[in-house]
Amino acid sequence: MNHDIDVKKLRVNCFRQSKVAGEFMIQLRVPGSLIKAKYLAVIQHIAETWGNGTFHIGTRQTLNAPGIKYKYVDEVNAYIQDYIKEIEIEACGIDMESNEAGYPTIGARNIVACIGNSHCIKGNVNTHELARKMEKEIFPSHYHMKMNIAGCPNDCSKAHFCDFGIIGLTIPEYMPERCIGCGRCATVCKKVATGVLELVNNKIEKDMCCCVGCGECVSACPSGAWAYSKQKFYRVMIGGRTGKQTPRMGKMFLNWVTEDVLIAVIKNWQSFSATILENKPLYLHGGHLIDKAGYHRFRELMLKDVKLNPEAMVAERIFWTETEYRSNINVKKPIA
Amino acid sequence: MGLQLTNAQFNQVLARLSAKYAIYAPKNFPLEGRYSDTDMVRYDGITQVEDIVFERKSDMSAKEIVTPINETIMFFFNGQVQESKIPQKEILIFARACDINGFKRLDDIFLRNSETPDYYYQRRRNKIKFIAIECPSQGWDTCFCVSTQTNDTSDYALAVKSTGESLKIEIKDQEFAEYFADFAQNSTCQYQYQPVLENELKLTLPVINSQEVLTRLKNHPMWKEYNRRCVMCGSCTVNCPTCSCFTTYDVKFATDSETGAGERRRMAASCHVDGFTDMAGGHTFRTSAAERMRFKALHKVHDHKQRFGDNMCVGCGRCDDRCPEHISFSSMIQKMHTAVEQIKQELNHDSK
């Protein structure tokens, strides 16, 4: 077997190195995590033809086939041409060449998303549609980026643990003339969210300051006195990460921004990365990239030429709270 | 004999009618549904056929027009009281048979339950005439109006059936013929209002024929599952065309004013919700979801009938449509029927 394999080049091609010498795992992107079920046949065919017959659901919601021998990489790349074309070019509208060379880059990772409001009763936004719009902005780029999209503040897709986490929000509208004064929205808000509603003489008063934008009040209401805002809003969490060094939860960068603002902001990600990395697309987690720049520099570059909507709020500062892997201050050997 | 008018032609009729009538119909409220990116269909004033939702059953019933969820009934100022005013216009409501029959139940409660009819209900009710909307041939999958014998109605001035681009119209109340005079020559067709004659759902309503059967049904284990399933939100009562309970409360316009200026409001109440009919001293009659469900169910298919002759439930199925926990009232009625028959057999057995 040829042992001269450029694994870094293969990784950029979305083939991950196996502990078995000469074997790789292909990762097919599923931006926003929803595709036609017919594409399962694509990964099944790859796994059974060139892989070891098994299928792995990627931790970033890719379709993975492990155990592909190096000599088959070109065949697999040729086979996935149609898949890449249909998903990236047709569904996401990306302007890229369709060829037999496989994925052009792994820089911007697959966009993770929950099922969102196309199915979920809690969802505020359509996560797949948003993911496809976002994919168009971040892929194909060699600059590293992990984006997760959650349909609501339950954050099942862990927007809190990625470079750029998006959470779908609503600012519910209250129609007092439809309110029966039952106070259920206030009870539910207190129980599952932040308790910003109060029943005062049979009508609701709201403390907008602490509203998380979940929309639980709307679905709790028996009489339709609450409605989701026609305008959809988003929260952006940045700098969350896992990993061996300093894992941490992301912190709030933007709150109550519209989709237009979100897209304008993400358009700046590549120039932000390029500026901080001096135009070299190094393999550096987004959180570390933000650390390298410093939050205020990050904010300046990411909000460049962005016109914020009136409701938008921007973090003045960020206090990171990292897991103290290095200090071990809270773990001790038990006393014998 | 009927008429068939294009939507545009019918809009001319609506324009003429609107001089005398406030016209209400089921209307779509985009994105106002319970879940994100879903719509709500409820009653509101309309000006054109295109405003009317024919293809979907409304989420909310037509009762909101005559018993608004919130209604200011009087104002106070310096020790004086003034009654609230309502619009002068007569009222026309596009409604389905279930809704029109629902008004009969509301009439039972508001106008016939005591010697004194309810003034605030009556002042609106007296203004109302109906335009019956013909339903799809079997209604919708949660409808059971045939089982409750509320599938048909004769209480309408006009009846309409939408074909999408046009309306077929039956003019029953000849007072309305003048509004259609322009079209009487050239737009005639064979049309007469057709009620739903069969639903997909076919129920047998329970017949509770003795106090003993009633007592045993009240204590029957069938209710227990609702302690687990029902969240006591009251959605099923808010959109029920026959639920009429309300509460009253006062609003002071300013707490620091010595004029006592304020208003008294009626607000819809629900027997599923905490606080319903609580008494001074804090006594609550029914605390559990199962007790509240039983209370409502018996009211709908027994108690009202005992007092007024007709079952209260009109089989519209809106309670099923709107329940966030997918509790089906029609299934409950079936369970009640089964339980009642079982109880009757036990009683027969006991008496032998």
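The values are calculated or read from the model by the stated rules, or taken from the named source; none is laboratory data. If you're wondering where the values come from, they're calculated on a predicted model, not measured in any experiment. With ideal geometry, Cβ positions are generated from the backbone for all residues, glycine too; neighbour counts draw on all protein chains shown. When the accessible area is computed, the model is the full protein with side chains, heavy atoms only, and any ligands, DNA or RNA have been set aside. Shrake-Rupley method; radii C 1.70, N 1.55, O 1.52, S 1.80 Å.
Taking only pairs six or more apart or across chains, which ones have beta-carbon atoms under 7 Å, a first residue in the range B:25-49 that is closer than 15 Å to A:M175 by Cα and touching a residue at least 60 places away in the same chain (Cβ under 8 Å), and a second residue that is open to solvent by less than 50 Å² (accessible area, probe 1.4 Å) and β-branched (V, I, T)?
Qualifying pairs under 7 Å: B:R34/A:V218.
What about A:K158, is it under 16 Å from A:L262 (Cβ atoms) and surrounded by fewer than 23 Cβ atoms within 10 Å (Cβ to Cβ)? Spell out the reasoning first.
Working: under 16 Å from A:L262 (Cβ atoms): no; surrounded by fewer than 23 Cβ atoms within 10 Å (Cβ to Cβ): yes.
Spelling it out, it is not the case that A:K158 is under 16 Å from A:L262 (Cβ atoms) and surrounded by fewer than 23 Cβ atoms within 10 Å (Cβ to Cβ).
Within the bounds of the range A:216-234, is there any residue that is over 30 Å from B:N28 (Cα atoms), over 23 Å from the mean Cα position of the chain (by Cα) and not assigned by TED's automatic domain parsing to the domain that holds A:D260?
Filtering the range A:216-234 for residues over 30 Å from B:N28 (Cα atoms) gives none.
Within the range A:216-234, not a single residue is over 30 Å from B:N28 (Cα atoms), over 23 Å from the mean Cα position of the chain (by Cα) and not assigned by TED's automatic domain parsing to the domain that holds A:D260.
Condition test on B:F29, is it within 14 Å of chain A (Cβ to nearest Cβ) and at pLDDT 95 or above? Step through it out loud before you land on a result.
Details: within 14 Å of chain A (Cβ to nearest Cβ): yes; at pLDDT 95 or above: yes.
Here the answer is yes, as B:F29 does meet what is asked.
Please give the helices (runs of 4 or more DSSP H) falling wholly within the range A:261-336 in which 3 or more residues are small (G, A, S), out of contact with any strand residue (DSSP E or B) (no Cβ under 7 Å at 6 or more places or on another chain) and over 30 Å from A:T170 (Cβ atoms). Spell out the reasoning first.
Numbers: elements: A:269-276, A:286-293, A:295-302.
So the answer is A:269-276.
With A:G165, A:G116 as the choices, which residue is small (G, A, S), touching a residue at least 12 places away in the same chain (Cβ under 8 Å) and either surrounded by fewer than 22 Cβ atoms within 10 Å (Cβ to Cβ) or in contact with a His (Cβ under 9 Å, 6 or more places away or on another chain) (or both)? Lay out the reasoning, then the answer.
Values: A:G165 fails: either surrounded by fewer than 22 Cβ atoms within 10 Å (Cβ to Cβ) or in contact with a His (Cβ under 9 Å, 6 or more places away or on another chain) (or both).
The unique qualifying residue is A:G116.
Based on this model, can you work out whether B:A15 counts as under 24 Å from B:A268 (Cα atoms), more than 14 Å from every other protein chain (Cβ to nearest Cβ) and either free of Cβ contacts under 8 Å to residues at least 24 places away in the same chain or among the small types (G, A, S) (or both)?
So B:A15 does not fit the description; no.
So, of the residues in the range B:254-277 that are farther than 30 Å from B:C98 by Cβ and modelled with pLDDT of 90 or more, which turns out to be least open to solvent (accessible area, probe 1.4 Å)?
Quick first cut of the range B:254-277, residues farther than 30 Å from B:C98 by Cβ only: B:254-264.
In the following step, the residues that additionally are modelled with pLDDT of 90 or more were identified as B:261-264.
Details: B:A261: 20, B:G262: 1, B:E263: 20, B:R264: 81 Å².
Taking the candidates together, the pick is B:G262.
If only one of B:C313, B:C319 is within 14 Å of another protein chain (Cβ to nearest Cβ) and either without any contact (Cβ under 8 Å) to a residue 40 or more places away in the chain or not polar (S, T, N, Q) (or both), which one is it? Walk me through how you get there before you give the answer.
Details: B:C313 fails: within 14 Å of another protein chain (Cβ to nearest Cβ).
Of B:C313, B:C319, the one residue that is within 14 Å of another protein chain (Cβ to nearest Cβ) and either without any contact (Cβ under 8 Å) to a residue 40 or more places away in the chain or not polar (S, T, N, Q) (or both) is B:C319.
Looking only at residues in the range B:32-64 that are among the polar types (S, T, N, Q) and open to solvent by less than 20 Å² (accessible area, probe 1.4 Å), which one is nearest to the other protein chains (Cβ to nearest Cβ)?
Taking the range B:32-64 as the starting set, the residues that turn out to be among the polar types (S, T, N, Q) are B:36, B:38, B:47-48, B:58, B:61.
Next, only the ones that are open to solvent by less than 20 Å² (accessible area, probe 1.4 Å) stay: B:36, B:58, B:61.
Numbers: B:S36: 4, B:S58: 11, B:S61: 12 Å.
This residue is B:S36.
I need the full set of residues from the range A:76-111 which are within 17 Å of A:M147 (Cβ to Cβ) and aromatic (F, W, Y), in order please.
Selection gives A:Y103 alone.
Does A:C152 satisfy being open to solvent by 10 Å² or more (accessible area, probe 1.4 Å) and within 14 Å of chain B (Cβ to nearest Cβ)? Show your work before the answer.
Working: open to solvent by 10 Å² or more (accessible area, probe 1.4 Å): yes; within 14 Å of chain B (Cβ to nearest Cβ): yes.
Yes, satisfied.
Output the residues belonging to the range A:17-55 that are among the charged types (D, E, K, R) and either touching a strand residue (DSSP E or B) at 6+ places or on another chain (Cβ under 7 Å) or not in a helix (DSSP H, G or I) (or both). Lay out the reasoning, then the answer.
Of all residues in the range A:17-55, those among the charged types (D, E, K, R) come to A:19, A:23, A:29, A:36, A:38, A:48.
Scanning the range A:17-55 gives A:K19, A:E23, A:R29, A:K36.
Report the residue count in the range A:246-260 for those that are open to solvent by less than 70 Å² (accessible area, probe 1.4 Å) and assigned to a helix (DSSP H, G or I). Explain how you work it out, then say what you get.
Of the residues in the range A:246-260, the ones open to solvent by less than 70 Å² (accessible area, probe 1.4 Å) are A:246-248, A:250-251, A:253-259.
Keeping just the survivors that are assigned to a helix (DSSP H, G or I) gives A:259.
Here the count works out to 1.
Enumerate the pairs (first residue in the range B:140-157 and part of a loop (DSSP other than H, G, I, E, B); second residue anywhere and open to solvent by less than 20 Å² (accessible area, probe 1.4 Å) and aromatic (F, W, Y)) with beta-carbon separation below 7 Å, excluding pairs fewer than 6 apart on the same chain, so at least 6 apart or on different chains.
B:D155/B:F130; B:Y156/B:F130; B:A157/B:F130; B:A157/B:F176
Which of the residues that make up the range B:217-249 are open to solvent by 50 Å² or more (accessible area, probe 1.4 Å) and either assigned to a strand (DSSP E or B) or within 12 Å of chain A (Cβ to nearest Cβ) (or both)?
B:V231, B:M232, B:C245, B:F246, B:T247, B:T248
Among the residues of the range B:252-297 satisfying the criterion of being of a type in the set (F, W, Y) and under 23 Å from the mean Cα position of the chain (by Cα), which is farthest from the other protein chains (Cβ to nearest Cβ)?
Just the residues of the range B:252-297 that are of a type in the set (F, W, Y), to begin with: B:253, B:276, B:285, B:295.
When the remaining residues are screened for being under 23 Å from the mean Cα position of the chain (by Cα), the result is B:276, B:295.
Numbers: B:F276: 9, B:F295: 17 Å.
Among those that are of a type in the set (F, W, Y) and under 23 Å from the mean Cα position of the chain (by Cα), it is B:F295.
Answer yes or no as to whether B:Q185 is open to solvent by 80 Å² or more (accessible area, probe 1.4 Å), in a loop (DSSP other than H, G, I, E, B) and touching a Gly at 6+ places or on another chain (Cβ under 8 Å). If you could, list the steps in order and put the result at the bottom.
On the way: open to solvent by 80 Å² or more (accessible area, probe 1.4 Å): yes; in a loop (DSSP other than H, G, I, E, B): yes; touching a Gly at 6+ places or on another chain (Cβ under 8 Å): no.
In short, no.
Just to be sure before I move on: is A:L308 more than 30 Å from B:N239 (Cβ to Cβ), in contact (Cβ under 8 Å) with a residue 40 or more places away in the chain, more than 14 Å from chain B (Cβ to nearest Cβ) and surrounded by 21 or more Cβ atoms within 10 Å (Cβ to Cβ) in the structure I sent? Can you show your working first?
Working: more than 30 Å from B:N239 (Cβ to Cβ): yes; in contact (Cβ under 8 Å) with a residue 40 or more places away in the chain: yes; more than 14 Å from chain B (Cβ to nearest Cβ): yes; surrounded by 21 or more Cβ atoms within 10 Å (Cβ to Cβ): no.
The answer is no for A:L308.
Condition check ((1) within 14 Å of chain A (Cβ to nearest Cβ); (2) under 23 Å from A:G224 (Cβ atoms); (3) open to solvent by 10 Å² or more (accessible area, probe 1.4 Å)) across all residues:
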| position | (1), (2), (3) |
| --- | --- |
| B:V66 | no, yes, no |
| B:T72 | yes, yes, yes |
| B:K104 | no, no, yes |
| B:F176 | no, no, no |
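Residue-by-condition table, conditions (1) touching a residue at least 12 places away in the same chain (Cβ under 8 Å); (2) among the aromatic types (F, W, Y); (3) loosely packed, with under 15 Cβ neighbours inside 10 Å:
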| residue | (1), (2), (3) |
| --- | --- |
| A:D4 | no, no, yes |
| A:F15 | yes, yes, no |
| A:F55 | yes, yes, no |
| A:R60 | yes, no, no |
| A:L63 | yes, no, no |
| A:I80 | yes, no, no |
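Does B:K127 fit the bill of being open to solvent by 20 Å² or more (accessible area, probe 1.4 Å), over 17 Å from the mean Cα position of the chain (by Cα) and in contact (Cβ under 8 Å) with a residue 24 or more places away in the chain? Don't jump to the end; show me each part of the working.
Working: open to solvent by 20 Å² or more (accessible area, probe 1.4 Å): yes; over 17 Å from the mean Cα position of the chain (by Cα): yes; in contact (Cβ under 8 Å) with a residue 24 or more places away in the chain: yes.
Yes: the conditions hold for B:K127.
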